[in-house]
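Report on the structure given below.
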Amino acid sequence: MNIPPADVADDEDLQWFMSAHTEVTLCVIADEYNAGEHELHVGVEPLSPIEDALCGRDEVSMCELQEPQTIDNMYESLGEGNLFIRNAIESIDKEDIVENQLFFSKQQLHTRLQLKALKEKFHFKVKKSNPRSLTVCCVDTICHWLVRASKIKTSEIFTIREYIHEHTCSLDVRRNAQIYATSAIIGHHIMRRLNDANQLYVPTSIIGDMEREFGVQITYNKAWRAKEKGLRFLRGTPEESFQKLPSYCHMLTEKNPRTIAHIELDSNNRFLYFFLAFGPSVRGFREYMRPVICVDGSHLKGQYKGTLLVAAVQDANLQIYPLAWSVVDGETNASWYWFFAKLKDVVDDSSQLVFVSDRKKSSKRAITRLFPLSHHGACIWHIEKNLIARYSNSNVIFLFKRAALAYRVSKFDQFMTRIRTIRPSMASYLEHADISSWSRAHFVGNRYNVMTNNIAESLNSVLRRQRGFPITSLIETITSLIQRWFYERKKCIHEM
């Protein structure tokens, strides 16, 4: 993909940029810079302007500058003689094709040519192709349209040396370009639209966009395959994600103190479980959060399936905060026990601690064994769903909610008496479900306002559209949620 220039002010900015764009080649343009007493001297043998900018500077000696060199003041320092370089920088992210434009690979250039042919409805053929150059022309022998590109020195970067944009072929030759509407080309075109997880981009929308933008009609199956390929171009494959996971976790623990990351392997040395709690999450829970942890599990989509286990908490401003999460094979006794065993490194067991879950026996059993001092509360929303499935009387279900939210034991007894009078079987079911786990009046401990595990459910809903993506994408999404929480907290403190 073409990436616009970025302002790199220090080493931290550079490390972030390189970590965010690992799939591309980093291009650095240096020029003589005068900053008072400090000067940046560049001495190299004469080269062509673009090669001199990208590949020809082997020996550079420089002193610390008083202010960082940005793209903007780089433009100011580039004179008329370096207009070639400036045009290359400005055209790096253009949709059209222009001379001196940069492409990070030959395949990327060829894809851009196919998109252009699809949009302008013409056909081209490869006139010359080798590892160092590419020349394409129109299929009509009398047409002057031509693109000639070559590699820059020893890098993989291609630049367009010559571009004749005018077509002199007949309309009969240019009437159809359906051959270029492949799922891979469409996937490249829609890749940026798939980057927003908050917007659902379905195959029917892809079909409409392709007909509106290119005038071509594609099938639902091709649109679906194009979306899958676009996601892989954007996020990578699940196999690549699992291979990157050990080094990814190593960098997380190196750069974020207190971060806890565990990768569990099976007897065949294959992935089994994964657990992650960011250092800011650990510190935030111990300093700012209420000691009420909601846990929930949701099924993962994609090739390798699995289950996502989430532990979420709430701060004093009722904001949801992801504490820890795990990827396991399913909601089994072994997986829940492993998850809570790793959670003990984050949360200390105490009588002030409360867990709220959906009453699954496996999670409750693990909490009882690993956090014996804590208290376990049941989600009243899940109990209500069970009551709706068993009993159809809405008045009785309303009485249950009043009983669950009652603060005084006397009020609770009044509602339970009315439930027992109207539907005795329902009262027996609620008593069997352990009144102390779902009743606010009888609960031992402090649940604050957390009567459901909707905190974890809400977090799962945010991740729902990411659950088919590779595991590293889930890490990036949760990282952004934590960063957003800290940003909002700093903003509130600043406003105070």
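The values are calculated or read from the model by the stated rules, or taken from the named source; none is laboratory data. Remember, predicted model here, so these are calculated numbers, not experimental data. Every residue, glycine among them, receives a Cβ derived from its backbone with ideal geometry; neighbour counts consider all protein chains shown.
Within the range 190-207, track down each residue that is part of a helix (DSSP H, G or I), surrounded by 12 or more Cβ atoms within 10 Å (Cβ to Cβ) and modelled with pLDDT of 85 or more.
Residues satisfying the conditions are 203, 205, 206, 207.
Looking only at residues in the range 340-359 that are in contact (Cβ under 8 Å) with a residue 60 or more places away in the chain and over 29 Å from the mean Cα position of the chain (by Cα), which one is surrounded by the most Cβ atoms within 10 Å (Cβ to Cβ)?
Only one residue fits best here, namely 354.
Within the range 328-339, track down each residue that is in contact with a Leu (Cβ under 8 Å, 6 or more places away or on another chain) and either buried (at least 22 other Cβ atoms within 10 Å of the Cβ) or of a type in the set (S, T, N, Q) (or both).
Correct list: 328, 335, 336, 339.
Residues of the range 310-325 being among the hydrophobic types (A, V, I, L, M, F, W, C) and crowded, with 16+ Cβ neighbours inside 10 Å, which ones?
310, 311, 312, 313, 320, 323, 324, 325
Can you tell me which of (1) at pLDDT below 90; (2) in the same structural domain as residue 458 (by TED's automatic domain parsing); (3) outside any helix (DSSP H, G or I) is the one residue 355 doesn't meet?
Going through the list (1) at pLDDT below 90; (2) in the same structural domain as residue 458 (by TED's automatic domain parsing); (3) outside any helix (DSSP H, G or I), residue 355 breaks only (1).
For the subset of the range 241-263 comprising residues that are closer than 18 Å to residue 326 by Cβ and part of a loop (DSSP other than H, G, I, E, B), which member is modelled with the highest pLDDT?
Taking the candidates together, the pick is 259.
If you go through the range 401-431 one residue at a time, how many are within 14 Å of residue 442 (Cβ to Cβ) and buried (at least 16 other Cβ atoms within 10 Å of the Cβ)?
Residues in the range 401-431 being within 14 Å of residue 442 (Cβ to Cβ) and buried (at least 16 other Cβ atoms within 10 Å of the Cβ): 8 in total.
For the range 358-376, which residues satisfy the criterion of being within 16 Å of residue 310 (Cβ to Cβ) and not in a helix (DSSP H, G or I)?
Correct list: 358, 360.
Let me spell it out: the conditions are (1) more than 20 Å from residue 342 (Cα to Cα); (2) touching a Lys or Arg at 6+ places or on another chain (Cβ under 7 Å); (3) modelled with pLDDT under 85, and residue 236 meets all of them except one. Which number is the exception?
Evaluating residue 236 over (1) more than 20 Å from residue 342 (Cα to Cα); (2) touching a Lys or Arg at 6+ places or on another chain (Cβ under 7 Å); (3) modelled with pLDDT under 85 leaves (2) as the failure.
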